[in-house]
Structure formats: C-alpha cells, structure tokens
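Computed from the coordinates by the stated procedures, all read-outs in this text should not be read as laboratory data. Quick caveat: nothing in here was measured; it's all calculated off a predicted structure. Virtual Cβ from ideal backbone geometry, glycine too; neighbours counted across all protein chains shown.
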Amino acid sequence: MYTVQDIFLIYGPSYIKEHKLSKDEWKVYNSITNCKTKELGFHTITCEHCGKVTTSFNSCRNRHCPLCQSYAREKWIQNEASYLLDCPYFHIVTTVPHELNEIALYNKKEFYNILFKATSESILELSNDPKWLGAKVGITSILHTWGQTMEFHPHIHSIVTGGGIKNNKWISSKENYLFKVQVLSSLFRGKFLSMLKALNLSLPNHLAYLKDYNQLNKFLEPLYKKDWVTYIEPPKGSSENVIEYIGRYSFRVAISNQRIKDISNGKITFEYKDYKDNSKIKTMTISANEFIRRFLLNVLPKHFTKIKHYGLLTNRNKKHLIKLCRILIGQTIFSDFTSTLKRKVIEFVCPDCGMNKFLYSFFYKRSYC
C-alpha cells in the first residue's frame, strides 16, 4: 500500500525547493515524514505474562497524518458515547461558494470561526422557532476543508438531535423532518456574509481592494443571489450508530492511504467518489507537486479546534442537560442502552503468549541505532 508519507519522502524535497511552506505546513510535513521512524524515538512493550519485549517506533500523532487517526478516533468515540441520546439524529452540511476560497486561504482561522458560528446560529435559531421545532437542540459540528479530489472546499458537517428541550419538556421532531433546507440555506448565507464583512481581512496585493468596504460589498453582492449548497440528511439507522458515524467524519484527513493507488513517474493516482455521477468510484492522476500542494492546503491553523458542540451539547452545561434529556425522553437505564455499542478496537497482543497486558516505556531520543 502506498502512503502520503511515501509521497512526501520521494517528492517532498523537490517540492520544498520550489514552494515556501508556512510554519503550520512545515510541522505537518515533518510529522508525517518522520512518523514511525527513528527520528521520533521508540517505545518498548513488555508482556506482563511472559516477559516478551517488543520495540516499535513512535507515531507522530499529528491530526493530519493518515497513520495516526485510528487511536484518536476510538478514544474520542468512547468519550462521546456517554452523551448519546436515544433519539433520531440529522446530518446537516453547510458550505460556502468557491468565490470565497482565496479569502479563506489568507484568513483561515477567522474564516473557519465564522463558518462554525453562522452554521450553529442558523440551526439553533430555526430549531427554536415554534414554526419548526420550537426547542433547543444539541449540535456536534465538524470542519472539513477538502472535497473528494482534495481541492480546497471548506464546509461544516453538523450532527443535530432530532428533538430538544423547551420549558423542561422534550419535544421530538417530526419523522425525517427538522426544517426546510431552503430556509436554512438563506439564513446561513445572510449570517455568514454579514460576519465576513465585519472581519479585518488579510489579503494579497491583487485582492487588497477588498479592504474597502464598498468594494467588498460589490464583490459579495452576487453571492446573495446565488444558491449556497446546503442539505439536510434525515436520520439513518438507530441512534446507536450515530457515534460511529460522527467519529468517521471527525477524524478524516484530506485523503486516506487506502485511496492512493500509484505514485510512480512523478504522478499520483488516487480514487475518489464522484457525487455528480451517482457517487461512482473513479480514479484521478495528478502531478506529485500538485498532490502535495492540495494536501497542504488543508492544514489547519495551530491549536484550531475542528470539532465543536452547541446547544444542549455545549461543554459548560453538557452533563446536566444530557441527564435532563434522558429523564424527559424516558431513557431510564443508560448503561443498558450503551452496552449494545460494539467498538472495533484494535488491541496489541503478545506474539508469544497471546496475552494483552503490557508495561510501556517511551524513549524520545532522535536516534538509537
């Protein structure tokens, strides 16, 4: 199997000579390049049963590394499962038009923040409206910045409870319906553009004219008339599957190693799903430089949180409100509900005796060979 690390090792040096990397991009590049090599040190695993010692290289644990997401995903799912409600969940996607991509690239942190804010405020406002649900819902929002071909495409995936609290009562949503997607799209568009105008934008020379408020208004005016891509997916399966669904979205990177099919002759061939053609699996071949460029476009700003919670799931009140929701829903014994959640946890077992109880020792020396 080919990996992003292979591509960085083979074609990265020539790419670096021709392109200037930001500090965040350098960190991701170095982490992925050195992942599970002697450059990051090693650790020993000693079996408590037979004393067998296994030595392995350390992982980089960078959130952009395709090799390092499994453990983080399982740990996150295990924690979030404790807040799962026995109710339907809706999947909502909000995205911005490609005309704003260049502004986003020069203002990533600010742009992503208002994308989260406009999305959550729109969903909460419509949910609270008696015309639709008339209750406060719970939202888990996840930022993605790429499309299937790794082109820059910032959008938010939101998992929303199919019901909420109003006056200490649980109000359930109608089956397969939360509110009209057209209303959400219009409200989200208005909120986002209003927030964008309020930003102090950092812009390259050819876009410097947008610092003038009147010029920015003129630039954004056509976007008010454009239909923004927004959709609401009705609940699928039982609520027990929701946490797995969320986890799959939460810890995706721009491309998984499994999708990379060939990396020879300066070209990278990878699989992608063509949503415009009935989600058919197709292949695309691009230059190694273009592959690396697209991958690094999706590096998030340092310390930026790509998973956020709103409404009933706001961190400050989460535990209290989830307990109240379960009482109102009638979910009496939550331990029985979660016991059916089956996790596919990959556990290391001793190659000699087959046991899985170990003592760990970590060494972070630059090299030890």
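Please compute, over every Cα-Cα pair in the stretch 216-277, the percentage with a separation greater than 19 angstrom.
65 percent
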Have a look at Arg259, Arg316, Arg63 and tell me which one the Gaussian network model of the chain (Cα, springs below 10 Å) gives the largest fluctuation. Arg316
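Grab the Cα-Cα distance for Val53 and Ile281, subtract it from 0.36 nm times how many residues apart they are, and report the gain in nm with one decimal. Numbers along the way, then the final one.
Working: separation 228, 0.36 × 228 = 82.08 nm, distance 4.32 nm.
Full-extension gain reported as 77.8 nm.
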Å³ per residue enclosed by the Cα convex hull of the stretch 101-211: 123 Å³
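Taking the Cβ of Ser250 as the center, what net charge do the other residues with Cβ under 9 Å away carry, scoring Lys and Arg +1 and Asp and Glu -1?
Numbers: positive: Arg73, Arg248, Arg252, Lys306; negative: Glu80.
It works out to a net charge of +3.
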Estimated D of the stretch 32-90 in µm² per second, where Rh is the Kirkwood radius over Cα pairs and Stokes-Einstein applies at 25 °C, 0.890 mPa s: 171 µm²/s
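Based on Cβ point charges of +1 for Lys and Arg and -1 for Asp and Glu, what charge dipole magnitude is obtained for the stretch 1-115 about its Cα centre, in debye rounded to the nearest 20? Could you put the intermediate results ahead of the total?
Working: 13 positive and 12 negative charges, 93 e Å.
That gives a dipole near 440 debye.
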Restricting to Cα pairs below 8 Å that are 6+ residues apart, what does the relative contact order work out to for the chain? Please round to a whole percent. 29 percent
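With a sphere of radius 12 Å drawn around the Cβ of His49, what net charge do the other residues whose Cβ falls strictly inside it have (Lys, Arg +1; Asp, Glu -1)? Working shown, then result.
Numbers: positive: Lys52, Lys357; negative: Glu48, Asp352.
Charge balance near His49 sits at 0.
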If you split all Cα-Cα distances of the stretch 72-156 into 5 Å bins from zero, what percentages do you get per bin, shortest first? 3, 11, 18, 19, 18, 15, 11, 5, 0
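Are there GluC sites (Glu not before Pro) in the stretch 118-177 that DSSP marks as loop and that have at most 10 other Cβ atoms within 10 Å, and which are they? Could you put the intermediate results ahead of the total?
Details: sites: Glu121, Glu125, Glu151, Glu175; in loops: Glu151, Glu175.
Those satisfying the criteria are Glu175.
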In whole angstrom, the spacing between the Cα centers of the stretch 225-302 and the stretch 32-99 equals 18 Å
Give me the mean projected area, in nm² to one decimal, of the convex hull enclosing the Cα positions of the chain. 22.8 nm²
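Relative contact order for the stretch 63-189 using alpha-carbon pairs under 8 Å, separation at least 6, rounded to a whole percent?
Details: 150 pairs, mean separation 35.9, N = 127.
After rounding, I find 28 percent.
Which value, in Å to one decimal place, does the Kirkwood hydrodynamic radius take for the stretch 1-74 when every pair of different Cα atoms is included? Walk me through the intermediate numbers first.
Values: mean 1/r = 0.0712 Å⁻¹.
After inverting the pairwise mean of 1/r, the radius is 14.0 Å.
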Out of Asp86, Asp274, Asp24, a Gaussian network model of the chain with alpha-carbon springs under 10 Å gives the largest mean-square fluctuation to Asp274
Here the gain from full extension of Tyr245 to Lys23, 0.36 nm per residue of separation minus their alpha-carbon distance, amounts to 76.7 nm
Just to be sure I understand: with springs between alpha-carbon atoms less than 10 Å apart, which residue in Met150, Met195, Met355 has the highest mean-square fluctuation in the Gaussian network model of the chain? Met355
For a quick check of your reading of the filter: which trypsin sites (Lys or Arg not before Pro) in the stretch 178-256 sit in a DSSP loop and have no more than 11 other Cβ atoms within 10 Å? Lys225, Lys226
